[in-house]
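Report on one structure; see the data block that follows.
The values are calculated or read from the model by the stated rules, or taken from the named source; none is laboratory data. Keep in mind the model is a prediction, meaning the values are calculated, not measured. Note that each Cβ is placed from the backbone with ideal geometry, even for glycine, and that neighbours are counted across all protein chains shown.
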Amino acid sequence: MINCMSSKLVDDYELLCPVGDEAVGELERRPVTAYEECSWGVAPGRAIVVSSAMDMPERLGLQNFLQVSFRNTSVIINTFSTFS
């Protein structure tokens with residue numbers, strides 16, 4: 001995935017990675033290209049994460065978009081639960 005990103009875009013972001021074996025304690029900044037060595041552990045693949053730096057109206061707009069999209073596409077799939 002990283003290979004298809006432009007170098008300008010990659011340079012605009014960085015990772016905060018745990019130092020050592022535990023994901024608690026000291027953190028270090030790493031380039032995005034080091035994503036394979038920077039692991040916080042396993043998380044569900046169905047999660048959607050947004051930045052807390054987003055304005056609340058922008059977050060609510062995104063939440064509304066996702067909920068409407070889910071309603072429009074979930075007629076067949078009824079095992080998914082939004083925002084629970």
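Some points to look at:
- Selection over segment 1-41 of residues that are at pLDDT 85 or above and basic (Lys, Arg) gives a count of 2.
- Of all residues in segment 30-46 being surrounded by 13 or more Cβ atoms within 10 Å (Cβ to Cβ) and of a type in the set (A, V, I, L, M, F, W, C), the one that is farthest from the chain's Cα centre (by Cα): ALA34
- For segment 47-71, the set of residues classified as touching a residue at least 12 places away in the same chain (Cβ under 8 Å) and either in a helix (DSSP H, G or I) or more than 13 Å from the chain's Cα centre (by Cα) (or both) consists of LEU62, GLN63, LEU66, GLN67, PHE70, listed by residue number.
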